[in-house]
Amino acid sequence: AEAGDKIRIRMIDGSGSYVDPMIELFSSAGERLASEFDYQSTTLEYEVEETGSFLILASDANQVESGLYFLSLQRLNGPGGATPIEFGEALSGTLSVPAEYVGYTFNCEAGDVVRIRMNEISSSFESHLELFDAEGNLLASEDDYVSAVLEHRIEATGVYSILASDVGGDETGI
């Protein structure tokens, strides 16, 4: 990761086995930089201070349970694997793995109002949309059981990012 990157790591219990997901982030020198845990699903966000390699340690917070889990890593300032999208364009996509974030990028002018919609078509996930500026700052988010609609007035010309996911991170679908 590069200095200034804002990263998000998500871990989901995938087996219903009472794993309490814990995420720890370490520098290449072994220094623990951040940690987070919760029941069934946890998310850790971290702003990288120095360019380098990092270690993610995923475990059960109580160190007693085992089972299936899902882990994702995403950069908030310029998401990895993001698909470019233009105004007026409609794209279809799939959340194929629990904990997944699907990224999109677009260019915008100051004063534009964007309206972003995500519809769940044939599954049980809860649509969740997040809008970020080029620095990875969250500008707006919206979720809904069937159709999330996010509207936001853009204040500065630049490249913006959308992350689409299931609000709980534990469902997949179209």
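Do you know which residues across region 1-35 are among the basic types (K, R), within 17 Å of the chain's Cα centre (by Cα) and open to solvent by 30 Å² or more (accessible area, probe 1.4 Å)? If the condition is that a residue be among the basic types (K, R), within 17 Å of the chain's Cα centre (by Cα) and open to solvent by 30 Å² or more (accessible area, probe 1.4 Å), then K6 is the only one that fits.
Scanning region 36-50 for residues that are farther than 10 Å from I9 by Cβ and under 21 Å from the mean Cα position of the chain (by Cα) yields F37, D38, Y39, Q40, S41, E47, V48, E49.
Restricting V19, V102, V64 to residues that are modelled with pLDDT under 95, touching a Leu at 6+ places or on another chain (Cβ under 9 Å) and farther than 27 Å from N119 by Cβ narrows the list to V19. So which strands (runs of 3 or more DSSP E) are wholly in region 71-174 and hold at least 3 residues that are surrounded by 12 or more Cβ atoms within 10 Å (Cβ to Cβ) and free of Cβ contacts under 8 Å to residues at least 40 places away in the same chain? Filter on region 71-174 gives 127-132, 138-144, 147-153.
All of (1) open to solvent by 30 Å² or more (accessible area, probe 1.4 Å); (2) without any contact (Cβ under 8 Å) to a residue 24 or more places away in the chain; (3) over 17 Å from P98 (Cβ atoms) hold for D38 with one exception: (3).
The values are calculated or read from the model by the stated rules, or taken from the named source; none is laboratory data. Computed from a predicted model, the values in this text were never measured in an experiment. Ideal geometry is used to build each Cβ from the backbone, glycine not excepted, and the neighbour counts take in all protein chains shown. To get the accessible areas, we keep the full protein, side chains included, count just its heavy atoms, and leave off ligands, DNA and RNA. Shrake-Rupley method; radii C 1.70, N 1.55, O 1.52, S 1.80 Å.
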